[in-house]
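Accompanying notes for the structure given below.
The values are calculated or read from the model by the stated rules, or taken from the named source; none is laboratory data. None of the values given here were measured: they were computed from a predicted structure. Cβ sites come from the backbone with ideal geometry, for glycine too, and all protein chains shown count toward neighbours. Ligands, DNA and RNA are stripped out before the accessible areas are found, and what is left, the full protein with its side chains, is counted by its heavy atoms. Shrake-Rupley method; radii C 1.70, N 1.55, O 1.52, S 1.80 Å.
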Amino acid sequence: QKNNATLADLEKSRDSRIRELEDKIAEDEIRFQNQLRNAQTKAEQMIDEEIRGGMQTLEHQHQNALNEAQKSFTQRLQDQRDELEKVFEKEKQQLLLKQEIEREELLRREQESRSIDLEQLKQRHS
């Protein structure tokens, strides 16, 4: 049961981290949407100013800026997911090691108890 409680704690911790990551993702998404709106507004202003002289170049720059913003956002998101996965995996390995140590300790105690019981039984029959 202790192991189940520890596993439940680990799952709660993981779920909490996931919620934190989801909150961070939501904040990043809002920030990204604002950046997109700002980029769109800026691009529209530039288009209005540059219509006479080179709209294709401007559209190309705008698309590149949007692509770079998207790429940056996607990379940050992936980095955050990777970091969370590393933390979770490390905690999982620590929990498994702790459980193994606890099992070994329990087996050692059981063997000691059996040895004592056997010794007492020998003494009674002597």
Probe 1.4 Å, all protein chains present, accessible-area order of THR6, THR74, largest first: THR74, THR6
Accessible-area composition of the chain, carbon plus sulfur, in percent [1.4 Å probe]: 50 percent
Cα-based convex hull volume of the chain per residue, rounded to whole Å³: 67 Å³
Spatially proximal lysines relative to LYS90 (Cα-Cα < 18 Å; intrachain offsets below 8 disregarded): LYS12, LYS98
Part-to-part distance (alpha-carbon centres) for segment 40-109 and segment 25-39, which is given in Å: 14 Å
Potential extension, SER115-ARG103 segment - 0.36 nm per residue separation minus Cα distance: 2.5 nm
R0 of 41 Å, Cβ-Cβ distance LEU84-LYS42: FRET efficiency to nearest 0.05: 0.75
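Using the heavy atoms of the protein chains and a 1.4 angstrom probe, tell me the accessible area per residue for the chain in square angstrom. Could you put the intermediate results ahead of the total?
Working: 10320 Å² over 126 residues.
Here the per-residue accessible area is 82 Å².
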Top positive-direction residue, dipole computed over the chain with Cβ charges, set GLN61, LEU21, ILE101: ILE101
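Suppose a student asked you for the relative contact order of the chain, using Cα pairs under 8 Å spaced at least 6 residues apart; what percent would you report?
Details: 29 pairs, mean separation 42.5, N = 126.
Value for the chain: 34 percent.
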Rounded to the nearest 10 Å², the accessible area of LYS92 at probe 1.4 Å: 80 Å²
